[in-house]
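Right, one structure below, let's go through it.
Every number in this text was worked out from the coordinates using simple rules, so none of it is lab data. Because the structure is predicted, anything quoted here is derived from the model rather than measured. Here Cβ is always computed from backbone atoms with ideal geometry, including for glycine, and neighbour counts include all displayed protein chains.
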Amino acid sequence: MADISILDLQNLRHLIGGYSTTHCKMTDYASQAQDPEIKQLFQDSADCAMKNKQELMKFL
């Protein structure tokens with residue numbers, strides 16, 4: 001694997017942070033949702049954000 005530049009690391013940090021924030025927000029929204037379909041939509045979004053974050057972490 002090629003060396004990662006400083007710019008690449010900054011971009012990864014930004015993306016990982018964004019997915020982390022999204023995961024936290026979607027989890028919180030899911031816990032507050034009353035409608036089961038909406039709750040599932042938020043939970044699926046939270047799961048997707050966590051998966052994306054974990055995939056990006058592999059580059060570090």
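Please specify each residue of segment 2-21 satisfying the condition of being of a type in the set (Asp, Glu) and not in a loop (DSSP other than H, G, I, E, B).
So the first thing to find is which residues in segment 2-21 are of a type in the set (Asp, Glu), and the list is 3, 8.
Once the filter is applied, which keeps residues that are of a type in the set (Asp, Glu) and not in a loop (DSSP other than H, G, I, E, B), segment 2-21 yields only Asp8.
Taking the condition of being more than 14 Å from the chain's Cα centre (by Cα), of a type in the set (Gly, Ala, Ser) and surrounded by 15 or more Cβ atoms within 10 Å (Cβ to Cβ), how many residues in segment 4-60 meet it?
2
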